[in-house]
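Here's the structure, in structure tokens; my notes come after.
The values are calculated or read from the model by the stated rules, or taken from the named source; none is laboratory data. Just so it is clear, the model here is predicted, and its values are computed rather than measured. Glycine also receives a Cβ, built like all others from the backbone with ideal geometry; neighbour counts cover every protein chain displayed. To get the accessible areas, we keep the full protein, side chains included, count just its heavy atoms, and leave off ligands, DNA and RNA. Shrake-Rupley method; radii C 1.70, N 1.55, O 1.52, S 1.80 Å.
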Amino acid sequence: MGEEVKLFRTWSSPFALRIVWALRIKAIEYETVFEDISNKSPSLLQCNPVHGKVPVLLHNGRPIAESLVILEYIDEAWKQAPLLPVDPHERAMARFWAKFGDDKVLGSIWSVFIKQGKEQEEAMVPAMENLKFLEEELKGKKFFGGDTIGFVDLALGWLANLIGLLEEIVGLKVVDGEKLPLLSAWMQEFGDAPIIKDNWPARDRMILKFQALRDATIAAASK
Amino acid sequence: MGEEVKLFRSWSSPFALRIVWALEIKGIEYEAVFEDLSNKSPLLLQYNPVHKKVPILVHNGRPIAESFVILEYIDETWKQVPLLPEDPYERAMARFWAKFCDDKVLTSIWSAFIKQGKEQEEALVAAAENLKFLEKEMKGKKFFGGERIGYVDIVLGWLANLVSIFEEIVGLKIVDEGKFPLLYSWMQDFAEAPIIRDNCPPRDKMIVKFQALLDAAIASSSSSSK
């Protein structure tokens, strides 16, 4: 009896991409359901009534939402190519950094992206502080997971793609190779890793999308 | 060789209280280090340089911060009286609801407490919607963990204690027994469980603290221009 694995995603969601990577790394067969966020399917709303968002993983008919929850589930349900370390303290460190990525790094980078002028300069301060913590964490390691891609790499993976895009749109260097050499190198390594490289969303489409998001956010803020 | 377990906490932090409850439920011996958050110790800053907050669990000299992360670590390190279920899907559900409790329930109820006027009205609406999801989740269960207190109960535990304090201070009903009967009775059962009852911060001190926080918020919002 085959296992039924379905992933509800959009073409661009960085959160859903985490699950694509995890499923690929573990070589799990799955069906993709692409959602249009402006026109959510009844299936999506039924599977994720609380948030109505992607990603949602459906495994043998049972839905799981929230990307970090899904990653932990995948790691527990399929034991090959583990994403989290074995040692409880190291697992705690991995969970800590993944949470830091979502709670702090993501928001601070987004602030730099959607602001202008002095506000943008001020937003750079916490963003740089956060990135420096990540730089520290990479000392002596190729990936956050060590020699191979792990849980934290997947959680932070959006950096490897989105930073370059956002820098291009706003004309600002956020991850400077001189100031953040390890993070810079990680972005290359991660971005070029076979499973990751083959699954980035189309660059030109992303530029259009994020340019439009920035414009709309700035317009709304100036009202 | 004894294990050295230290918990950095404050007298009132609901996040640190989660760890107190978990350690007590599992019968783990530990030393509590009370921090004055207006005057953080060098040790706290050394153990949690990223967030500089409590709780921090230090186990055999190695620190762990962030209450969810600490709870999972405790559950993986001390196997007695498990907090999370065994089945991966049930574990995923527990993690999902815990995240929902912090991201949505806590923030909306905090807003309902600390804001005024229209913002408070909107926060109350959001809180009610969020509470409805929890009410549904409680069907057929005494605790979120089932027959006994588990991970989600510990994460949501602040509700059983803080909500009545908030309600008293602002004179508003947030968890109405008529609208949320299961949640309401869960709040009673949880608060009365021996370990929880014996480990709650003093109510009068809490009222003073949160009244002061509200007064400060009102003062700063009326003095700033919009």
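For the range B:18-130, what is the relative contact order in percent, using Cα pairs closer than 8 Å and at least 6 residues apart in sequence? Across the range B:18-130, relative contact order equals 16 percent. Averaging 1/r across all pairs of distinct Cα atoms in the range B:64-154 and inverting the result yields a Kirkwood radius of 14.5 Å.
Given Cβ point charges of +1 (Lys, Arg) and -1 (Asp, Glu) and nothing else, what value in debye, to the nearest 20, does the dipole of the range A:73-140 about its Cα centre take?
Numbers: 9 positive and 13 negative charges, 17 e Å.
Its charge dipole is roughly 80 debye.
Each of A:Ala155, A:Ala220, A:Ala98 was scored by the projection of its Cα onto the charge dipole of chain A, and the greatest displacement toward the positive side belongs to A:Ala220; charges sit on the C-beta of Lys, Arg, Asp and Glu. For the chain pair A and B, the buried solvent-accessible surface (1.4 Å probe, both sides summed) amounts to about 2500 Å².
So what is the 222 nm mean residue ellipticity for chain B from helices alone, if each DSSP H run of at least 4 adds -39500 (n - 2.57) and you divide by all residues, rounding to the nearest 500 deg cm²/dmol? Could you put the intermediate results ahead of the total?
Details: 11 runs with 127 residues, N = 226.
Mean residue ellipticity, 222 nm, calculated: -17500 deg cm²/dmol.
Rounded to the nearest whole Å², what accessible area per residue is found for chain A with the 1.4 Å probe? Intermediate values should be presented prior to the final figure.
On the way: 10640 Å² over 223 residues.
So chain A comes to 48 Å² accessible per residue, rounded to a whole number.
Annotation note: GluC sites (Glu not before Pro) in the range A:1-107 located in DSSP loop regions with a Cβ neighbour count of at most 11 within 10 Å are A:Glu3, A:Glu29. How high is the relative contact order of the range A:91-187, in percent, with contacts defined as C-alpha pairs under 8 Å that are six or more residues apart? Relative contact order, the range A:91-187: 27 percent. At 1.4 Å probe size, with the rest of the protein present, what percent of the exposed accessible area of chain A is carbon and sulfur atoms? Here it works out to 53 percent.
Have a look at the range B:85-101 and report residues whose accessible surface goes down by 50 Å² or more when the remaining protein chains are included, against the chain on its own, probe 1.4 Å, ligands and DNA/RNA excluded. When all protein chains are present, B:Pro88, B:Tyr89, B:Arg95, B:Phe96, B:Lys99 each give up 50 Å² or more of accessible surface.
With an a/c value of 1.5 or above and a/b not larger than b/c for the gyration tensor axes a ≥ b ≥ c computed over the alpha-carbon atoms, chain B is described as oblate. In terms of the mean number of neighbouring beta-carbon atoms within 10 Å, the peptides A:10-19, A:128-137 order highest first as A:10-19, A:128-137.
Compared with its chain on its own, the range A:122-164 contains the following residues whose accessible area drops by 10 Å² or more in the full protein assembly (probe 1.4 Å; ligands, DNA and RNA excluded): A:Phe133. In terms of its alpha-carbon gyration tensor, the range B:170-226 comes out oblate; a/c meets the 1.5 threshold, while b/c is at least as large as a/b. Across peptide B:72-83, the average count of Cβ atoms from other chains found within 10 Å of a residue's Cβ is 2.
Can you give the average number of partner chain beta-carbon atoms within 10 Å of each beta-carbon in peptide B:48-55, as a whole number? Don't skip to the end; give the middle numbers.
Working: counts 1, 2, 9, 4, 0, 0, 0, 0.
What the average comes to for B:48-55 is 2.
Work out the mean other chain Cβ neighbour count within 10 Å for the residues of A:75-81 and drop it here as an integer.
Mean partner shielding for this stretch: 2.
Taking a ≥ b ≥ c as the square roots of the eigenvalues of the Cα gyration tensor, chain A is classed as oblate, since a/c reaches at least 1.5 and a/b does not exceed b/c.
Which of the trypsin sites (Lys or Arg not before Pro) across the range B:32-134 are loop residues per DSSP, with 12 or fewer other Cβ within 10 Å? Don't jump to the answer; show the numbers that get you there.
Working: sites: B:Lys40, B:Lys52, B:Lys53, B:Lys79, B:Arg91, B:Arg95, B:Lys99, B:Lys104, B:Lys115, B:Lys118, B:Lys132; in loops: B:Lys40, B:Lys52, B:Lys53, B:Lys79, B:Lys115.
Listed in order of number, the matching sites are B:Lys79.
In angstrom, the C-alpha Rg and Dmax of the range A:97-219 are 14.2, 44. Here the dipole of the protein assembly as shown is about 660 debye; that uses its Cα centre as origin and unit charges on the Cβ of Lys and Arg (positive) and Asp and Glu (negative). Per residue, chain B exposes an accessible area of 48 Å² to a 1.4 Å probe, with every protein chain left in place.
Once you list every other residue whose beta carbon is under 11 Å from the beta carbon of B:Ala193, what net charge do they have if Lys and Arg are +1 and Asp and Glu are -1?
On the way: positive: B:Lys142, B:Arg148, B:Arg197; negative: B:Glu24, B:Asp153, B:Asp189, B:Glu192, B:Asp198.
In short, -2.
Restriction of the GluC sites (Glu not before Pro) in the range B:32-105 to DSSP coil positions whose beta-carbon has at most 14 other beta-carbons within 10 angstrom yields B:Glu86. Since only A:Pro14, A:Gln116, A:Ile74 are under comparison, the one whose Cα sits farthest along the positive direction of the charge dipole of the protein assembly as shown, derived from C-beta charges on Lys, Arg, Asp and Glu, is A:Gln116.
Rg to Rh ratio, the range A:61-156, alpha-carbon atoms and Kirkwood radius? Write down the numbers at each step before the final one.
Numbers: Rg = 15.7 Å, Rh = 14.8 Å.
A ratio of 1.06.
Find out how many positive minus negative residues lie around B:Ile169, taking Lys and Arg as positive, Asp and Glu as negative, among other residues whose Cβ is under 14 Å from that of B:Ile169. Neighbour charge sum, excluding B:Ile169 itself: +1. Taking 27 Å as the straight-line reach from the Cα of A:Lys40, the lysines in range (excluding those fewer than 8 positions away in the same chain) are A:Lys6, A:Lys53, A:Lys209, B:Lys99, B:Lys104, B:Lys132, B:Lys136. Given +1 at the Cβ of Lys and Arg, -1 at the Cβ of Asp and Glu and no other charges, the dipole of the range A:1-125 around its Cα centre is 80 debye to the nearest 20.
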